[in-house]
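The values are calculated or read from the model by the stated rules, or taken from the named source; none is laboratory data. Please read all numbers here as calculations on a predicted model, not as lab measurements. A quick note on method: Cβ atoms are made from the backbone with ideal geometry, for glycine too, and the neighbour counts reach across all protein chains shown. When the accessible area is computed, the model is the full protein with side chains, heavy atoms only, and any ligands, DNA or RNA have been set aside. Shrake-Rupley method; radii C 1.70, N 1.55, O 1.52, S 1.80 Å.
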Amino acid sequence: MSHVVIVGGSVAGMKLAQNLHSEGFGGAITLVDAEPNPLYDKPPLSKDYLSGASSGDRIQLTSPEALADAGVTTKFGTRATALDPASTSVSLSDGTTLTYDKLVIATGARARRTPWADLPGVHVLRSRADADALRADLVAGRHLAVIGAGFIGAEVAATAVKAGLRVSIIEPLEAPMGRAMNAQIGKIFADKHSREGVGFRFGVSVERVDRLHEQCHLLLTDGSTLSVDAVLLGIGAIPNTEWLAGSGVSVDNGVICDATLSAVGVPGVYAIGDVARFTNDRHPDSVRLEHWTSAADQAQLVAHNIVHPEDLRAYDPTEYVWSDQYDWKIQIVGRTGSEHSRLVGEPAAGRFGVVYGVDGEAVDGAVIVNWPRALIDARRSVASRARTQDLVARLQAAIQSTSPATR
Ligand SMILES: Cc1cc2nc3c(=O)[nH]c(=O)nc-3n(C[C@H](O)[C@H](O)[C@H](O)COP(=O)(O)OP(=O)(O)OC[C@H]3O[C@@H](n4cnc5c(N)ncnc54)[C@H](O)[C@@H]3O)c2cc1C
């Protein structure tokens, strides 16, 4: 009987197991994860779960029992330590090995740390345990420093401000989420955070953190200092690929895959989710996406490709990611971040869009805030490679002709 081994049991790995079952896969499926209870969702960890509005039950993706009903054997609390393609086997931390016919790498990524990350009060945010530890330090009236204003840093800042903390964000670029949106558009989000009470230190990094008298003392690269009760490091994620060393799987900041998400270098191996770096027509230079929807879509595609090898499909999605900050639902489709961006609408009114692309060429992507209809149009436009100026014109017409209530 054919055996699919999936290493990594978070959203990508779990959905792959479920999709294999629903695609009618008749063989055995084993889902391995280093965490004892990995079947929870990560986006709420910086939002409702961190604030306490969502309980552990509400972020549960599924249960081991439901997976067992779908024919999936789980091995949780067990780390994959090595891959041997010659014997098509994976070594596990409990001393056992699993042989596979197909192997799917879904080991995701971990939060990037720094030399001073293990001090008390200095947090990263990737797992539920991380969120529990951070939440214990989110006490009203305390002062939190957020190092790095990417999505996770910005979301934690919003959650902490709502919980009554004083928040200072330290960011080497000139705006939050500057890489994802470009510095000019990032300033719109900086203004929003400032209005909500967040303080910013742009253009500086942290040189050192010391812990003394229950406080974290930060020395910044401009020589200034900041003393706070707790620190969140939001400085990116590193793909979990160390266990593949020496296996022949091609690794370069992620597992290198072709457009069908087959890992380059070793037959019978796929990669999905945050760990996968792939190329396709839209991304000839290879890209690794750290988005929930990409993980889920890739799981669906690889399940299809395993069950239907006669009908291999290429991964060519319209990328989508969301972020919740205060009363702003931020939704991003396609590729954003270039300098070619056009703002439509009025950020102060809390509803607007930003279109990325060059007039006369296909639209690259869009950032949409609190505007569901614009999101639908932007998604279609990116998927159909519509012209940039046409999407801009439609959004401008919509914002001019419709009252806020009906937009
Ligand atoms: C705080 C936070 C907020 C987020 N918010 C959003 C959001 O608003 N919108 C959005 O689109 N995305 C968001 N994301 C990103 C989204 O959660 C990820 O894209 C998604 O979790 C990726 O899933 P994955 O299964 O590929 O990897 P992961 O979630 O990283 O899971 C990988 C699993 O592999 C296991 N593992 C690792 N190494 C091994 C090994 N050697 N052996 C066995 N098991 C191993 C780990 O224990 C883990 O369970 C957020 C992420 C975080 C951390």
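Looking at (1) in contact (Cβ under 8 Å) with a residue 60 or more places away in the chain; (2) open to solvent by less than 50 Å² (accessible area, probe 1.4 Å), which is the only condition residue 235 fails?
The one condition residue 235 does not meet is (2).
Quick one: what pairs do we get from region 295-321, first residue among the basic types (Lys, Arg), second within 14 Å of the ligand (Cβ to nearest atom), C-beta under 8 Å, 6+ apart or different chains?
If the second residue must be within 14 Å of the ligand (Cβ to nearest atom), the pairs left are 313/301.
Just give me the residues in region 164-190 being out of contact with any Leu (no Cβ under 6 Å at 6 or more places or on another chain) and more than 25 Å from residue 364 (Cα to Cα), in sequence order.
164, 166, 168, 169, 170, 171, 172
Identify all residues within region 295-321 that are touching a strand residue (DSSP E or B) at 6+ places or on another chain (Cβ under 8 Å) and within 9 Å of the ligand (Cβ to nearest atom); write none if there are none.
Across region 295-321, the qualifying residues are 298, 320, 321.
Mind listing whichever residues of region 239-270 are within 30 Å of residue 154 (Cβ to Cβ) and open to solvent by 50 Å² or more (accessible area, probe 1.4 Å)?
Within region 239-270, 242, 251, 252, 253 qualify.
So, in region 212-235, exactly how many residues are away from the ligand (no atom under 11 Å from the Cβ) and either of a type in the set (Gly, Ala, Ser) or within 20 Å of the chain's Cα centre (by Cα) (or both)?
Of the residues in that region, 6 qualify.
Check 226, 212 and return the single one that is free of Cβ contacts under 8 Å to residues at least 24 places away in the same chain and open to solvent by 30 Å² or more (accessible area, probe 1.4 Å).
From the options 226, 212, the qualifying one is 212.
For residue 120, work out the one condition from (1) within 14 Å of the ligand (Cβ to nearest atom); (2) outside the structural domain of residue 12 (by TED's automatic domain parsing); (3) open to solvent by 70 Å² or more (accessible area, probe 1.4 Å) it doesn't fulfil.
(1)
Within region 240-258, restricting attention to residues that are in contact with a Pro (Cβ under 9 Å, 6 or more places away or on another chain), small (Gly, Ala, Ser) and at positive phi, which residue is farthest from the ligand (Cβ to nearest atom)?
Among those residues, the one meeting the criterion is 248.
Which residue out of 53, 86 is among the hydrophobic types (A, V, I, L, M, F, W, C) and either within 13 Å of the ligand (Cβ to nearest atom) or over 25 Å from residue 278 (Cα atoms) (or both)?
Going through 53, 86 in turn, the sole match is 53.
Within the group 178, 199, which residue is open to solvent by 10 Å² or more (accessible area, probe 1.4 Å) and touching a Lys or Arg at 6+ places or on another chain (Cβ under 8 Å)?
Answer to the selection: 199.
For region 50-63, indicate whether the set of residues that are free of Cβ contacts under 8 Å to residues at least 12 places away in the same chain, under 17 Å from residue 244 (Cα atoms), out of contact with any helix residue (DSSP H, G or I) (no Cβ under 9 Å at 6 or more places or on another chain) and open to solvent by 60 Å² or more (accessible area, probe 1.4 Å) is non-empty.
Looking through region 50-63, none of the residues is free of Cβ contacts under 8 Å to residues at least 12 places away in the same chain, under 17 Å from residue 244 (Cα atoms), out of contact with any helix residue (DSSP H, G or I) (no Cβ under 9 Å at 6 or more places or on another chain) and open to solvent by 60 Å² or more (accessible area, probe 1.4 Å).
I'd like the residue in region 17-50 that is closer than 15 Å to residue 78 by Cβ and of a type in the set (S, T, N, Q) and, out of all such residues, is farthest from the chain's Cα centre (by Cα).
Ranking the qualifying residues of region 17-50, first place goes to 30.
Just to verify a result, which residue in region 36-45, among those that are within 6 Å of the ligand (Cβ to nearest atom) and in contact with a strand residue (DSSP E or B) (Cβ under 9 Å, 6 or more places away or on another chain), is nearest to residue 15 (Cα to Cα)?
38
Which one of these is assigned to a helix (DSSP H, G or I), modelled with pLDDT of 95 or more and of a type in the set (Asp, Glu): 324, 274?
On inspection, the qualifying residue turns out to be 274.
Which one of these does residue 344 not meet: (1) buried (at least 21 other Cβ atoms within 10 Å of the Cβ); (2) in contact with a Lys or Arg (Cβ under 6 Å, 6 or more places away or on another chain); (3) farther than 20 Å from residue 151 by Cα?
Tallying (1) buried (at least 21 other Cβ atoms within 10 Å of the Cβ); (2) in contact with a Lys or Arg (Cβ under 6 Å, 6 or more places away or on another chain); (3) farther than 20 Å from residue 151 by Cα, residue 344 fails exactly one: (2).
For region 347-376, give me the residue count where each residue is outside any strand (DSSP E or B), surrounded by fewer than 21 Cβ atoms within 10 Å (Cβ to Cβ), more than 23 Å from the chain's Cα centre (by Cα) and in contact (Cβ under 8 Å) with a residue 24 or more places away in the chain.
Total meeting the criteria: 7.
Tell me yes or no: at least one residue of region 96-112 is more than 24 Å from the chain's Cα centre (by Cα) and at positive phi.
Within region 96-112, not a single residue is more than 24 Å from the chain's Cα centre (by Cα) and at positive phi.
With of a type in the set (Lys, Arg), crowded, with 18+ Cβ neighbours inside 10 Å and modelled with pLDDT of 95 or more as the only criterion, which of 379, 387 stands out?
Being of a type in the set (Lys, Arg), crowded, with 18+ Cβ neighbours inside 10 Å and modelled with pLDDT of 95 or more holds for just one of 379, 387, which is 379.
Specify which of the listed residues (108, 9) is closer than 20 Å to residue 307 by Cα and touching a residue at least 12 places away in the same chain (Cβ under 8 Å).
9
I'd like the full set of residues that are of a type in the set (D, E, K, R) and under 27 Å from residue 289 (Cβ atoms), limited to region 179-222.
179, 187, 192, listed by residue number.
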